[in-house]
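> Just passing along the structure, written as structure tokens.
The values are calculated or read from the model by the stated rules, or taken from the named source; none is laboratory data. Small disclaimer: the values here were computed from a predicted structure and weren't measured. We place every Cβ from the backbone using ideal geometry, glycine too, and count neighbours over all the protein chains shown.
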Amino acid sequence: MSEISKDLHTEHMVINMGPSHPVTHGTVKFLATLEGETIIDLDVEIGYLHRGFEKMCENSTWQQVIPYTDRLNYVSPLINNTGYALAVEKLLGIDVPERCKYLRVIACELSRLSDHLTNVAAAGLELGAFTAFLYFVEARELVWDLIEALCGARVTVNYIRIGGLKNDLPERFEEKVKYTFKEVRRLWKDVDKLLTKNRIFIDRVRGVGAISAEEAIAYGFTGPCLRACGVPYDVRKAQPYLVYDRMDFEVPIGETGDNYDKYLVRMEEIQQSMRIVEQALAQMPDGPINVRMPQVRMEPKEKIYSRIDSLIYHFKTVIEGIKPPPGEVYLAVEGGNGELGFYLVSDGSGKPYKCRVRPPCFALTAAMPRLVKGRLLADIVPTFDMINMIGGECDR
Amino acid sequence: MSTTTGLGQSPYSVQVGVPAAVLKAKKVRRRLDLTLWEKLYVAEIVRGLVITSKHFFINMLGFIFPPAGKKRKVFTVYYPEEKLTLPSAYRGRPVLVAHADGSEKCVACGLCEKMCPAHAISIVAAEKAPGERYPARYTLDLGRCVYCGYCEEVCPKEAIVMSDEYQGLAQGDRNLLRFQKEQLLRPEGKVKTRLYFVRRIYSKWNY
Amino acid sequence: MLADLIESLAKIVFIFTVNVGVFAPILGWVERKQSAVMQDRIGANRADILGFTAIGLFHSLADAVKLLTKEDFVPANANKFFHTLAPFIALVPAISAFAIIPFGGRYELFGREINLVIADLDVGILYVFALAGLATYGTVLAGWSSRSNWSLLGGLRASAQMLSYEVAMGLSIIGIIIVYGSLRLTDIGAAQENFFRWGIFLQPVGFIIYMTCAIAENKRIPFDIPEAESELVAGYFTEYSGMKFVMFWMAEFLEMVTISAIVTTLFFGAWHIPFVTDAMLLSWFSGFAGPNGAAALAMAVNIAVFFAKVSFFIWLQMTIRWTLPRFRYDQVMRMCWKMLLPLSLINLSITGLVVLLL
């Protein structure tokens, strides 16, 4: 036997998966070395969606960065908005009004909802369950309808402002939320029945892409992928920001950190996010949504139209930008994929001296070779889906 | 389904540093072993088929007997023939507001040009009469515009608003997307609802 | 002699029209529309002739025009001969497999006995397996000759999968052959006149195994690993375009029709209506149509019943395709060799034992 195999000429097959390949939907390239169907080596190349976000920020005023942050994790733009605004507010040392905090929580959770719906849907699509994909995309469309009514756009929201918000809740928002959540829960049940207990799906995801908690922490995992390993780390609980400490919600955790756990954690977080939105809507106080600081957030339009001091402040903040005191700050929020951190340095001018983003999926993507090495080619699919690498965030 | 556990024995709960009562960790792993029934594929496949068939027949029925107030049961609309009603917050193409005599409200202060995060606006200011500025040229490059709505937010004269126009934004030539003042001007009556909306959302109502 | 020739030709033309002319294009439409309605969508409806869309039916026409006029692209390093040959090898068995499937019984019409099957072969079902074996070559050749890594992997997967499932498929049918004591499909069809003698009641396990294997042979979800688009782009036909692509596509649809027809013939009473025997049908119609008219009417009813059953199984296959996720390569093989094969062997021995004892 060994004699024969010595004579047989075999060589490894090197294939380029991506950057435009159905599975690499974050625009990434895998350089996979295959022995038959087994992956013996995998190289991940990122950077195909690099737009120079951090450099661009250095040439914009503090307010102008907010539309750029929409394009980080484009499935959950409101969380990016919030993270950036909170970081700048920390730098400025200001606190936003109560109602604004609740509205931001609602916005963040709607975004998280759409992020997880997209992720689970895409995983279903990649594994061939096209119907589950479209049920969740339908649910996501409904959530995006809510976001559109709130912010004026579905994806590029530009809603959160430094020191406040663009606008208050639209009319009859609570009714719409009630209707949407009823539909989302119905579709959630259908997808749950289609996938969660389906043995074909379980066989594809269970035991694949498993990683121990120690290793996950060493890699820098956060978010659903870390929670799937059994570590109940959630920024919303560990360092509560906004009013998350007043919300009653559970942190879903898995056991082995495989793709099935990641899937289940996300499915459960969809439910928890809806709970949080409902609680926030019920508890929300009345009151202002913007800070009363003309050097940070513009004053009401009537004042700008009629009073010269307001007009001067308005012109100064727009043209020169908000001027936070010199210093540096790091603030993390729980993004769709994990800890989304903003590290900002101010030199006292109207533009950020440095705006660094800690993208949650960079660490996750870095672990890709570790997760799939020695497994079959087809295992790249669910593993990469559950990592939920978003090019806009990872490459910036 | 699952139980709420304190995870007291796990060393990580210490690292996370949140009391178990607040943390409320919830194990989602529903079970480890499949029952024989589930292992046989057929039962779950039939269940899946029942769900999709249910959607199929309900939607088919919805095509034949549309529910009240709707054209059909399903979610999709035939786009060019049917259009969704846009929420009042919707941000479409930015347009300039014109006075009743057709001249623009804009006084070429340059705030929108300065604020625009995509650098899509460029203004050449001139004077009509001494002390009365107006934009001699107002170019909005819709190939760059990101529809963020900052121009509308910062405008001190209600001269530029986000309309609900979203059609005709695709062109074969980038130069055709560079809209001049004349193409952007809309009579005030046409953007009245948006002007009212803008006045409301950036008004005292917020504070 | 001439009458025989005309009869055969008429049957061939009929089957060809139904399969290639009606089923193949309409199934493209059905697949789009059915999946759309299942998934809360509307589905393809944009192709129109003079503003008339016919609920999207013209898309098949538009597809045909588009694909016929598309460039026939052969990759630079591909083996041109085999690259061109492969789609033919895939398509021809799919079309010709229908030759032995009876779409109606025997009728006495103007003194001639008409048997509604193109070729009433003694070996019947074996012919289907032989052709299915040939179809494997089309896939494998396509994968190998394209000179693309994706195609090669797809071809490798296809060869392993199709060869393995043929074994289990063959064994699952033997139960039916034992029960009815014939390889000839017309005999098997005729034996199912009694509703309680339908194959599904005598061989329920055989039906499930056959259906599974047949879908696997046809490479549709959940067994579409040779073309798994999220892993292998499009698998063995990644490098095909235009007319050659259409041939693979049509082969898949025609095979779906063939599978449904075989399932109908073997397990679901072929052309029979439950609780209605051929004699009853004839006697009802002869009351007002005379003997020849009655035979013609019975023939029409039986053909309609047969194709209605076929349509139901096509619908079932499509629902399965749009509901389930796909397997992994090793799981497909494990399922075949470790589940379906032993199961069909057990089914076979129990069937043999029962038949022997009775």
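> Name the helices (runs of 4 or more DSSP H) wholly within the stretch C:24-132 that hold at least 1 residues that are of a type in the set (D, E, K, R) and crowded, with 17+ Cβ neighbours inside 10 Å?
It comes to C:24-38, C:58-69.
> Could you list, in sequence order, all residues of the stretch C:209-264 that are within 14 Å of chain A (Cβ to nearest Cβ) and assigned to a loop (DSSP other than H, G, I, E, B)? Reasoning before the result, please.
Start the filter on the stretch C:209-264 by keeping residues that are within 14 Å of chain A (Cβ to nearest Cβ), which leaves C:212, C:215-216, C:219-235, C:238.
Within the stretch C:209-264, C:219, C:220, C:221, C:222, C:223, C:224, C:228, C:233, C:234, C:238 meet the criteria.
> In this structure, does residue A:86 turn out to be within 25 Å of residue B:151 (Cα to Cα), crowded, with 24+ Cβ neighbours inside 10 Å and touching a residue at least 60 places away in the same chain (Cβ under 8 Å)?
For residue A:86, the condition - within 25 Å of residue B:151 (Cα to Cα), crowded, with 24+ Cβ neighbours inside 10 Å and touching a residue at least 60 places away in the same chain (Cβ under 8 Å) - is not met.
> From C:301, C:355, grab the single residue that is part of a helix (DSSP H, G or I), of a type in the set (A, V, I, L, M) and exposed (fewer than 14 other Cβ atoms within 10 Å of the Cβ).
Only one candidate qualifies: C:355.
> Going by the conditions given, is residue C:145 surrounded by fewer than 21 Cβ atoms within 10 Å (Cβ to Cβ), more than 18 Å from the chain's Cα centre (by Cα) and at negative phi?
On the way: surrounded by fewer than 21 Cβ atoms within 10 Å (Cβ to Cβ): no; more than 18 Å from the chain's Cα centre (by Cα): yes; at negative phi: yes.
Criteria not met by residue C:145.
> Here is a further query. Looking at the stretch A:214-236, can you tell me whether even one residue there is outside any helix (DSSP H, G or I), modelled with pLDDT of 85 or more, within 24 Å of residue A:86 (Cβ to Cβ) and over 20 Å from the mean Cα position of the chain (by Cα)?
Checking the stretch A:214-236: not a single residue is outside any helix (DSSP H, G or I), modelled with pLDDT of 85 or more, within 24 Å of residue A:86 (Cβ to Cβ) and over 20 Å from the mean Cα position of the chain (by Cα).
> Here's a follow-up. Which residues, counting only those in the stretch A:347-367, are among the hydroxyl-bearing types (Ser, Thr, Tyr) and at pLDDT below 90?
If the condition is that a residue be among the hydroxyl-bearing types (Ser, Thr, Tyr) and at pLDDT below 90, then A:349, A:365 are the ones that fit.
> Restricting attention to the stretch A:244-282, and to residues there that are crowded, with 21+ Cβ neighbours inside 10 Å and of a type in the set (Ser, Thr, Tyr), which single residue is nearest to residue A:192 (Cα to Cα)?
A:263
> Of the conditions (1) in contact (Cβ under 8 Å) with a residue 60 or more places away in the chain; (2) surrounded by fewer than 20 Cβ atoms within 10 Å (Cβ to Cβ); (3) within 14 Å of another protein chain (Cβ to nearest Cβ); (4) not acidic (Asp, Glu), residue C:204 fails just one. Which one is it?
Single failed check for residue C:204: (1).
> Taking the criterion of being touching a residue at least 40 places away in the same chain (Cβ under 8 Å), farther than 24 Å from residue C:303 by Cα, in contact with a helix residue (DSSP H, G or I) (Cβ under 8 Å, 6 or more places away or on another chain) and among the polar types (S, T, N, Q), would at least one residue in the stretch C:170-184 satisfy it?
yes
> Name the single residue, out of those in the stretch C:308-331 being hydroxyl-bearing (Ser, Thr, Tyr) and within 14 Å of chain A (Cβ to nearest Cβ), that is surrounded by the fewest Cβ atoms within 10 Å (Cβ to Cβ).
For the stretch C:308-331, the residue satisfying everything is C:319.
> Taking the stretch A:170-207 only, how many residues are within 11 Å of chain B (Cβ to nearest Cβ) and in contact with a Lys or Arg (Cβ under 9 Å, 6 or more places away or on another chain)?
10
> Considering only the stretch A:122-144, state which residues are away from chain C (no Cβ under 14 Å) and surrounded by fewer than 24 Cβ atoms within 10 Å (Cβ to Cβ).
A:144 - this is the single residue of the stretch A:122-144 that is away from chain C (no Cβ under 14 Å) and surrounded by fewer than 24 Cβ atoms within 10 Å (Cβ to Cβ).
> Can you tell me which residue among C:139, C:186, C:84 is farther than 28 Å from residue C:326 by Cβ and at pLDDT 85 or above?
C:84
> Any residue that is modelled with pLDDT of 80 or more and under 16 Å from the mean Cα position of the chain (by Cα) - is there at least one of those in the stretch C:31-52?
yes
> Just a yes or no: is a residue in the stretch C:190-198 crowded, with 21+ Cβ neighbours inside 10 Å, aliphatic (A, V, I, L, M) and in contact (Cβ under 8 Å) with a residue 40 or more places away in the chain?
The first filter runs over the stretch C:190-198 and keeps only residues crowded, with 21+ Cβ neighbours inside 10 Å, leaving C:192.
Restricting the remaining residues to those that are aliphatic (A, V, I, L, M) gives none.
Taking every residue of the stretch C:190-198 in turn, none turns out to be crowded, with 21+ Cβ neighbours inside 10 Å, aliphatic (A, V, I, L, M) and in contact (Cβ under 8 Å) with a residue 40 or more places away in the chain.
> Right, next: Given the criterion closer than 30 Å to residue A:273 by Cβ and either of a type in the set (A, V, I, L, M, F, W, C) or surrounded by fewer than 20 Cβ atoms within 10 Å (Cβ to Cβ) (or both), identify the matching residue among A:343, A:353.
The conditions single out A:343.
> Being away from every other protein chain (no Cβ under 14 Å) and within 30 Å of residue A:169 (Cβ to Cβ) is true for just one of A:47, A:83. Which residue is that? Explain how you work it out, then say what you get.
Numbers: A:47 fails: within 30 Å of residue A:169 (Cβ to Cβ).
Just a single option satisfies the conditions, and that option is A:83.
> Further, regarding this structure: Considering each residue of the stretch A:207-240, count those that are in contact with a helix residue (DSSP H, G or I) (Cβ under 6 Å, 6 or more places away or on another chain), crowded, with 20+ Cβ neighbours inside 10 Å and either over 28 Å from residue A:381 (Cα atoms) or of a type outside the set (Phe, Trp, Tyr) (or both), and give that number.
16
> Out of the residues in the stretch A:145-158 that are surrounded by fewer than 20 Cβ atoms within 10 Å (Cβ to Cβ) and more than 7 Å from chain B (Cβ to nearest Cβ), state the one that is nearest to residue A:65 (Cα to Cα).
Filtering the stretch A:145-158 down to residues surrounded by fewer than 20 Cβ atoms within 10 Å (Cβ to Cβ) leaves A:145, A:154-156.
Add one more test, that the residue is more than 7 Å from chain B (Cβ to nearest Cβ), and what stays is A:145, A:154-155.
Working: A:145: 25, A:154: 19, A:155: 16 Å.
Once the filter is applied, the top-ranked residue is A:155.
> Can you tell me which of (1) in a helix (DSSP H, G or I); (2) out of contact with any Ser or Thr (no Cβ under 9 Å at 6 or more places or on another chain); (3) over 16 Å from residue B:153 (Cα atoms); (4) aromatic (Phe, Trp, Tyr) is the one residue A:330 doesn't meet?
(1)
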